[in-house]
1. In nm, to one decimal, how far is the Lys213 label point from the Met66 one, both placed 7 Å along Cα→Cβ?
2. Order these peptides, 64-70, 217-223, by their mean beta-carbon neighbour count within 10 angstrom, highest first.
3. Glu113 versus Asn197, label points 7 Å from Cα toward the beta carbon: distance in nm?
4. At a threshold of 8 angstrom on Cα-Cα distance, excluding pairs fewer than six apart, so keeping six or more, what relative contact order does the chain reach in percent?
5. Considering every pair of different Cα atoms, what Kirkwood radius, in Å, is found for segment 125-215?
6. Kindly write out, for segment 135-142 in residue order, the coupling ³J(HN,Hα) from the Karplus curve 6.51 cos²θ - 1.76 cosθ + 1.60 (θ = phi - 60°), rounded to whole Hz, with x marking Gly and Pro.
7. Along its principal axes, what span do the Cα atoms of the chain show, with the longest given first and each in whole Å?
8. Report the label-to-label distance for His121 and Arg83 in nanometres (one decimal), using points 7 Å from each Cα along the Cα→Cβ vector.
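Just so it is clear, none of the values below were taken in a lab; they were calculated from the coordinates. As the structure is a prediction and not an experimental result, all values here were calculated from the model. Note that each Cβ is placed from the backbone with ideal geometry, even for glycine, and that neighbours are counted across all protein chains shown.
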Amino acid sequence: MKNNFFKSKLPIQYLLMLSISLMFISHSFARSQSPSLVEIAEQGNVSAVKQALDQGTDIEQRDKRMRTPLMAATHANQVEVARLLIDRGADVNAQDSIEDSPYLYAGARGLQEILIMTLNHGADLKSLNRYGGTALIPASERGHVETVQTLIDAGVEVDHVNRLGWTALIEAIVLGDGSDKYQQIVTKLIQGGADVNLADRQGDTPLALAKQKGQRNIIEILESAGAK
């Protein structure tokens, strides 16, 4: 009789354990299927980001590319999400797997609103990208006139040399097309204290490089500044 009692109880216990296990599996699956804070930030969903933060989600969580929510928001130029994350204390200098940070990327891509927010919240002006360059170098190369001025005003080193042996001035000449925006950038860099005679690793000066590319207006700007 007693043995029959325990035998009848065993299936019930197994069923309870199985039910509990299935509940945990279902809960874990549901969580794995829900978007991460990084994904929500990149999508620009401000209210969802705020809700996740209010619920204690890690503001510095990382995705497979080692991007934080702020890095992802910066990639997509989601200004309001970036503002919320920065106001909540997100690290503007957190670098991802390819050594970009919200500050460096915003500077390189000319994302002015996010860049200014990072500068106002502790951007490391000496931080370097994967090419060993400051934010000013790619900003100059890509022709972001306003961004170049912003970074110069912020105090980024104008004559920093990256791993290619190039300064911001040299990149603006070598990788630019000599158009009006690059003429403005060259002028701003010179006004910001750039050494117009600082050569690259091959010994080519900015003036020599401008002559090689036939950039007449930039040649005039450089010569007026004492370039040789």
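1. Distance between the two pseudo-spin positions: 3.1 nm.
2. Ranking the peptides 64-70, 217-223 by packing returns 64-70, 217-223.
3. Placing both labels 7 Å beyond Cα along the Cβ direction yields 4.5 nm.
4. Reported as a whole number, the value is 11 percent.
5. 12.6 Å
6. 5, 5, 5, x, 4, 5, 4, 8
7. 108, 34, 25
8. Placing both labels 7 Å beyond Cα along the Cβ direction yields 1.2 nm.
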